[in-house]
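Down below is the structure, laid out as structure tokens.
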Amino acid sequence: MNIDSIKNGIVIDHITAGRGMEIYRLLHLDELDCPVALIKNVQSRKMGKKDIIKVDADLHFDMTILGYVDPDVTVNVIRDGNLVEKKRIELPTRLVDVIRCKNPRCITTTEQELPHIFKLTNPEQRVYRCLYCETKAE
Amino acid sequence: MRNLIDIQDLSTTEIEELIGVAEDIIENPKKYAEACHGKKLATLFFEPSTRTRLSFEAAMYELGGNVLSVTDALSSSAAKGESVADTAKTVSCYADIIAMRHPKEGAPLVASLNASIPVINAGDGGHNHPTQTLADILTIHREKGHFEGLTVGFCGDLKFGRTVHSLISALSRYAGIHIVLISPAELKLPSYIKKDVLQKNGIPYEQTTDLLAVMPELDILYMTRVQKERFFNEEDYLRLRDSYILTPDKLKTAKADLSILHPLPRVNEIAVAIDDDPRAVYFKQVKNGKYMRMALILKLLEVVL
């Protein structure tokens, strides 16, 4: 299968196989009108199988969310057809409207307009807790 | 501007300062009688509560201030669908400080993010109740004179007992504290508190279902009520309600200088016969709560005497 190489844009590589679509949705890539490729189950020496996303546009969006969904991804920045930067994504310290609090007693269950905010409370174990009620994210 | 949403919002130094002010209020009440003259406390209680609201109101009156009160959520704007954020913004136009109790966890935090005046969390669901913790801390301090090296037993509902969570969190900052957790299996302390508070701070603790077995080692026994409003299921509540009832018999092996605390109200978990035992300090604790709330109001309103 051939996917054209991109000129200016990003390649999200080393996505755990099967998580590509989740990342595609979370980054709202469906809303772009530039070429976007989601390639699933690519052979990988390191990972066995992996997903890759290529976006052929000079995008600037918050990619910290990737650190929450799949901490091992790398983001390659391409300029004029050349790899100019390889980013490792760190765990975000705060997640806003990425996941929802499941605690039925949480204020977010009754106040619909509140943003669902989670903060990183334990980086080693990747534990996020609701800002309001401190319930652990599932 | 400062708020008190979680007991961890206060450093141990600030807690010591509050203890100092509260003890000064106890010794010299007249000095503080007009300290908050012209100031208004809004008590916004969206969940039934008598003692905490009365304690806040008594505290403000004894500081010479006034009180605006919402005591019944059914009659308030919340019943019409007003958000906590809008309520906080509105009340900021009328009052100088807010004390909020709300059944939803995190509601006082939302209020503090939107109010232009200090907000005190007066209890949010099963989450936090920091001013009760201040009452507990002053009581322990007055009874024992220190926190270091105490063995503190928590008995009853350790799962939903927000006063337990807050007090454990506060005590975990003192050296040599030893915690004993006594509860039925269904009401054990949530594992995140064990991990994030006790283990993280290196606090030794033990868990047991047997109150009598650990009674001789306790310096403090903190009893709690199994609260009906925390259960979705009436059957579970009825089954666990009478799990631990403290009677004079059970105190036979206790230390002579044990202090028995309870955030009140009690239902039947402490026999009335224990009230006359000098080790029962739960009514002193009520009074201490008022003094600590006075000290806190002074601090948050930045009143300098």
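The values are calculated or read from the model by the stated rules, or taken from the named source; none is laboratory data. Remember, it's a predicted structure, so these values are computed and weren't measured experimentally. Note that we place each Cβ from the backbone using ideal geometry, even for glycine, and neighbour counts take in every protein chain shown.
At a glance:
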{"read-out": "Pick from the stretch A:117-138, criterion within 11 Å of chain B (Cβ to nearest Cβ) and basic (Lys, Arg), ranking: nearest to A:Ile65 (Cα to Cα)", "value": "A:Arg129"}
{"read-out": "Residues being touching a strand residue (DSSP E or B) at 6+ places or on another chain (Cβ under 6 Å), loosely packed, with under 15 Cβ neighbours inside 10 Å and of a type in the set (Lys, Arg) - total across the stretch A:41-75", "value": "1"}
{"read-out": "Test result for B:Leu109, within 20 Å of the chain's Cα centre (by Cα) and not assigned by TED's automatic domain parsing to the domain that holds B:Gly64", "value": "no"}
{"read-out": "Leading residue by the ranking (modelled with the highest pLDDT) among those in the stretch A:104-135 that are of a type in the set (S, T, N, Q) and buried (at least 21 other Cβ atoms within 10 Å of the Cβ)", "value": "A:Thr108"}
{"read-out": "Scope the stretch A:89-116; condition within 10 Å of chain B (Cβ to nearest Cβ) and of a type outside the set (D, E, K, R); matching residues", "value": "A:Cys101, A:Asn103, A:Pro104, A:Cys106, A:Ile107, A:Thr108, A:Thr109, A:Thr110, A:Gln112, A:Leu114"}
{"read-out": "So B:Lys104, is it surrounded by fewer than 22 Cβ atoms within 10 Å (Cβ to Cβ), without any contact (Cβ under 8 Å) to a residue 60 or more places away in the chain and within 14 Å of chain A (Cβ to nearest Cβ)", "value": "no"}
{"read-out": "Number of positions in the stretch B:1-26 that are in a helix (DSSP H, G or I) and farther than 19 Å from B:Ile140 by Cβ", "value": "1"}
{"read-out": "Top-ranked residue in the stretch B:117-131 [being closer than 16 Å to B:Ala42 by Cα and crowded, with 24+ Cβ neighbours inside 10 Å; ranked as farthest from the other protein chains (Cβ to nearest Cβ)]", "value": "B:Thr131"}
{"read-out": "Filter result for B:Ala170 (touching a His at 6+ places or on another chain (Cβ under 9 Å), within 23 Å of A:Arg105 (Cβ to Cβ) and not in a loop (DSSP other than H, G, I, E, B))", "value": "no"}
{"read-out": "Pairs, first away from chain A (no Cβ under 14 Å) in the stretch B:74-91, second in a helix (DSSP H, G or I) and modelled with pLDDT under 80, C-beta under 9 Å, six or more apart", "value": "B:Thr90/B:Ser77"}
{"read-out": "Boolean, B:Thr151 is polar (S, T, N, Q) and either within 14 Å of chain A (Cβ to nearest Cβ) or within 27 Å of B:Gly38 (Cβ to Cβ) (or both)", "value": "no"}
{"read-out": "Failed item in (1) without any contact (Cβ under 8 Å) to a residue 60 or more places away in the chain; (2) buried (at least 19 other Cβ atoms within 10 Å of the Cβ), with B:Leu41 passing the rest", "value": "(1)"}
{"read-out": "The stretch B:146-171: number of residues that are surrounded by fewer than 22 Cβ atoms within 10 Å (Cβ to Cβ) and modelled with pLDDT of 95 or more", "value": "2"}
{"read-out": "Given (1) of a type in the set (D, E, K, R); (2) at pLDDT 95 or above; (3) exposed (fewer than 14 other Cβ atoms within 10 Å of the Cβ), index of the condition B:Glu217 fails", "value": "(3)"}
{"read-out": "Verdict on B:Ile137 being without any contact (Cβ under 8 Å) to a residue 40 or more places away in the chain and either touching a Phe, Trp or Tyr at 6+ places or on another chain (Cβ under 8 Å) or not assigned by TED's automatic domain parsing to the domain that holds B:Ala42 (or both)", "value": "no"}
{"read-out": "Residues satisfying the stated conditions in the stretch B:261-280, i.e. in contact (Cβ under 8 Å) with a residue 40 or more places away in the chain and surrounded by 13 or more Cβ atoms within 10 Å (Cβ to Cβ)", "value": "B:Leu261, B:His262, B:Pro263, B:Leu264, B:Arg266, B:Glu269, B:Ile270"}
{"read-out": "Selection status of B:Arg51, closer than 16 Å to B:Asn288 by Cα, out of contact with any strand residue (DSSP E or B) (no Cβ under 8 Å at 6 or more places or on another chain), surrounded by fewer than 17 Cβ atoms within 10 Å (Cβ to Cβ) and at pLDDT below 95", "value": "yes"}
{"read-out": "Strands (runs of 3 or more DSSP E) lying entirely in the stretch A:31-138 (those with 1 or more residues that are of a type in the set (Val, Ile, Thr) and farther than 21 Å from A:Gly9 by Cβ)", "value": "A:94-96, A:117-122, A:127-130"}
